Every structure is written in C-alpha cells, then in structure tokens.
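Engineer: Have a look at this one before I ask anything.
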Amino acid sequence: MNFVELILFASSIYFCHTVLFGVQIIESGVQWQIGVFSVFIAWMNLIMFLRKFPRIGIYIVMFVTVLLTFLQIMIILLIFIVAFALSFNMVLDKFTAFNEVLPSIMKTFVMMTGELEYDGYYVDDPLYYPEASYGLFICFVIVVPIVFMNLLVGLAVDDIKEVQHRAGLERSVMKIELIFQVENLLPKFYLRKINLKKAKYFVNQGRKFLGGLLCGMTIKDIPFNGETINEALHPTKTGVDELKHTTETLEKSVRRMRIQVEQLTQQNSHIIRMLHVISAGSKLHH
C-alpha cells in the first residue's frame, strides 16, 4: 500500500460516508468534489498498477518519465504564463477571458496548447493599445507555442529513447515485483506445495523439464541466457551515463591535481624555511 492508495481510500470513505453511516458530515458540494477526485485517483492507481505487466508496462513507464521531466521545468513555464497573463490582462481587459487575473492565467495556459483565437481578439474588435497588443502576441507565439513546446518534445524524445534502451531490464524488474506481490497474497501451504526445491536442466539436450509443468517448454525456450544476463548486469551506457562517467573522471583528476599542488606548496614552504635558516647562519658566520 502506498501513499496514493491511502488518499484513495480516505477520499472514497468521505464520499460514501452518508451511505455507510447515514450521517451528513460535510457539505454535499464538497462531498461531490471529493468523489470526483476519488474516481480520478482510482483510475490513475489502476494505470500505475498496470506498469508491472510485461507488454503495456513499458509504455506507462515512458509516460511517467516524460511527466516527471515536464514537472521539473513546470516552474519556468508558470513564470512565463503569469508574465503573459498579467500583460494580456492589461491590454485585452475588454474581453471576458482577460478582464480578471485568474481567468487571464487560465486563458493563457490554454493558449499555450495552440488555441490562440487570433481572429476573435485581434481582428473583429478594435484594440485599446494595438502596438503593445500585437507585440505581446508575437512574443507569446514565439516563446511559448514554438520554443517551449519544442523543448518539451525534445526532452520527451530523449527520455523515451533512454527508457526504450533499458526496456528489457525494466520489464524484468516489473515482472519480479508482480511475482513477489502475488506470492504474498497466496497462502503459505499452497506455496510450499508448488515451490520446487530443486530442478534438473539438460543444457545440451532439447528435453522437456519440470515434468511438463511449463506446457512443453524446453531449455531452448527459456527467456534468458548468458547474453541477456550479461546485458542486464552491464547495460550499454547512454549519452547521459557517458557524460556522468566523464564528469566523475574529471573530478577525480582535479582532486589528484589539488593534492599534488598542496604537496608542492608544502615542499616549497620547507625549502623557503631552509633557505632562511641557511641565510641566517651565513650572516652569523660573517
């Protein structure tokens, strides 16, 4: 059980408490809104559960990876949205969508997806400040729908390539997690009955093994071999991994050079002290 499931259980109980207990604890409007979020969280929890299945799980992993990347740059996007929304609120306040701050922010966020409605705001009615309005609109079109959206697409493609590169290992991990969860739900006497303590494998022969329990699968049909195991233990490095390895190597070289510089500095200080002592001794001798 994770944090999302706890929120789901709590919101579901709040939504159904009038049916379960026959008492109205909170307002009906708030109760209905909690029910809306409960339904949404329930389906999202189902999607996260499907990550563990082999065929569709990898695509859900891709979606989650792209979503996390988007959330990392969401702060920059919010700054752009607020900046353009307040500016649109000042020059286009004659329109209902921009006459207040919050509706202006929502409208600017929708415009980010490409719904600009140029004819409705810039053609049909005359503008109060046409120079500022047109200049602001051009800046918005260049910065948000073109530059920022292309940046998101580039980051998403890079994340998907990395996930696809490690798809086999990710799928194996999800399979193992699913098997462990299913075993935890089964009774112990059943697990003791079906678990095999030992099995014989005929490597050089195509004999069937495990007494036909695997529906006629032979040793050649086993989904893993030495090559796949070696690839899982030593995955091919991506561009990010190589950059990280290069950075770590440079950091180690810098640390070694720093130690060498410190040692040379100490040696120089010793030599200087020795020269001072020799110089003082020669002066006393004269």
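Engineer: Filter segment 120-149 down to the residues that are under 11 Å from L92 (Cβ atoms) and of a type in the set (A, V, I, L, M), then identify the one that is nearest to the chain's Cα centre (by Cα).
Structural biologist: L136
Matching residues to (1) out of contact with any His (no Cβ under 8 Å at 6 or more places or on another chain); (2) exposed (fewer than 14 other Cβ atoms within 10 Å of the Cβ); (3) touching a residue at least 12 places away in the same chain (Cβ under 8 Å); (4) small (G, A, S):
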residue	(1), (2), (3), (4)
L127	yes, no, yes, no
S133	yes, no, yes, yes
I138	yes, yes, no, no
V144	yes, no, yes, no
D159	yes, no, yes, no
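Conditions (1) surrounded by 12 or more Cβ atoms within 10 Å (Cβ to Cβ); (2) outside any helix (DSSP H, G or I); (3) modelled with pLDDT under 85, marked per residue:
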residue	(1), (2), (3)
L78	yes, no, no
I81	yes, no, no
F88	yes, no, no
A97	yes, no, no
K107	yes, no, no
G120	no, no, yes
D124	no, yes, yes
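Engineer: Ok, one more. Which pairs turn up if I take residues in segment 236-257 that are over 18 Å from V157 (Cα atoms) and look for partners that are modelled with pLDDT of 85 or more and among the hydroxyl-bearing types (S, T, Y) with beta carbon separation below 8 Å, at least 6 apart in sequence or on another chain?
Structural biologist: Note: no pairs meet the criteria.
Engineer: If a residue must be surrounded by 10 or more Cβ atoms within 10 Å (Cβ to Cβ) and either of a type in the set (S, T, N, Q) or at pLDDT 70 or above (or both), how many such residues does segment 195-217 contain?
Structural biologist: 1
The values are calculated or read from the model by the stated rules, or taken from the named source; none is laboratory data. Since this is a predicted model, take the numbers as computed values, not measurements. Here the Cβ is made from the backbone with ideal geometry for all residues, glycine too, and neighbour counts use every protein chain on show.
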